[in-house]
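Here's the structure we're looking at; comments come further down.
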Amino acid sequence: MKLRSSTLLAAVAIAATVVLVTLAAPPAIGTPAAHPVAAPDFQGIATWQNSPPLAMQGLRGKVVLVDFWTYTCSNCLNQLPYVKEWHAKYKDQGLVVVGVHTPEYAFEKSTPNVQEAIRKLQITHAVAQDNDYATWRAFNNQFWPALYLIDKQGRIVYTHFGEGRYGETEGRIKALLAETPAPAR
């Protein structure tokens with residue numbers, strides 16, 4: 001009887017661990033939004049690089065890719081060539097890429113450091129410096145890198161956290177660019 005109860009306790013402990021790990025894991029990647037929500041505006045941006053200040057309202061009618069990144073994050077740097085390629089490939093078709101640089105470390109808050117990283121990495125799309133995490137919090141973001149695709153009506157319709165699924169993300173960009181925007185109400 002003692003062996004059964006310890007086996008049962010071990011099974012319960014394993015099941016509880018699986019439940020906790022599942023609940024603590026990041027959300028599914030490459031996820032279409034079940035119920036698209038309005039994208040929050042860029043908030044608390046210290047400086048803008050490669051662009052004048054942008055606002056979501058002014059981007060209506062465009063497809064917007066918001067990329068949360070920081071220049072010392074290896075995963076962000078691995079994803080960056082794809083983000084840069086999408087910007088180059090689709091900017092003339094209505095895609096606006098905004099890199100929201102949200103620092104992980106204090107030295108990443110330095111505008112000259114961010115500018116130097118942008119120069120070295122040859123980034124030409126807009127970069128918003130979110131030193132106080134205001135835009136990060138507005139998006140309820142928790143990850144580097146994180147991609148948010150916003151449709152022409154200003155709704156978040158797709159998210160991806162971490163690296164990978166580049167073909168799927170590009171497919172979503174192309175599909176959103178091909179959509180005819182709904183008439184304004």
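The values are calculated or read from the model by the stated rules, or taken from the named source; none is laboratory data. All of these numbers come straight from a predicted model, not from anything done at the bench. Counting neighbours? That spans all protein chains shown, and the Cβs are built from the backbone with ideal geometry, glycine included. Heads up: the accessible areas ignore ligands, DNA and RNA and are worked out on the full protein's heavy atoms, side chains in. Shrake-Rupley method; radii C 1.70, N 1.55, O 1.52, S 1.80 Å.
Quick notes on this one:
- When the criteria are applied in full, R119 fails the requirement of being at pLDDT 95 or above, open to solvent by 30 Å² or more (accessible area, probe 1.4 Å) and touching a strand residue (DSSP E or B) at 6+ places or on another chain (Cβ under 7 Å).
- Listed by first and then second residue, the pairs linking a residue in segment 136-162 that is free of Cβ contacts under 8 Å to residues at least 60 places away in the same chain to a residue that is surrounded by fewer than 22 Cβ atoms within 10 Å (Cβ to Cβ) and aromatic (F, W, Y), with Cβ atoms under 7 Å apart and 6 or more places separating them unless they lie on different chains, form an empty list.
- A Cβ distance below 9 Å, combined with a sequence gap of six or more or placement on separate chains, defines the contacts here; from segment 89-104, residues that are without any contact (Cβ under 8 Å) to a residue 12 or more places away in the chain reach residues that are surrounded by fewer than 24 Cβ atoms within 10 Å (Cβ to Cβ) in the pairs K89/L95; K89/E170; K89/I173.
- With respect to the conditions (1) part of a loop (DSSP other than H, G, I, E, B); (2) over 22 Å from P52 (Cβ atoms); (3) more than 13 Å from the chain's Cα centre (by Cα), T124 falls short on a single one, namely (2).
- Residue check for A24: surrounded by fewer than 12 Cβ atoms within 10 Å (Cβ to Cβ), modelled with pLDDT under 80 and closer than 30 Å to D151 by Cα: yes
Results for (1) at pLDDT 95 or above; (2) among the hydrophobic types (A, V, I, L, M, F, W, C); (3) open to solvent by 70 Å² or more (accessible area, probe 1.4 Å), shown as yes or no for each residue.
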| residue | (1), (2), (3) |
| --- | --- |
| R4 | no, no, yes |
| L20 | no, yes, yes |
| A33 | no, yes, no |
| T47 | yes, no, no |
| N50 | yes, no, yes |
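- Residues in segment 166-185 that are of a type outside the set (S, T, Y) and either modelled with pLDDT of 95 or more or assigned to a strand (DSSP E or B) (or both): 11 in all.
- Selected residue (criterion: farthest from E170 (Cα to Cα)) from residues of segment 71-93 that are surrounded by fewer than 21 Cβ atoms within 10 Å (Cβ to Cβ) and among the polar types (S, T, N, Q): T72
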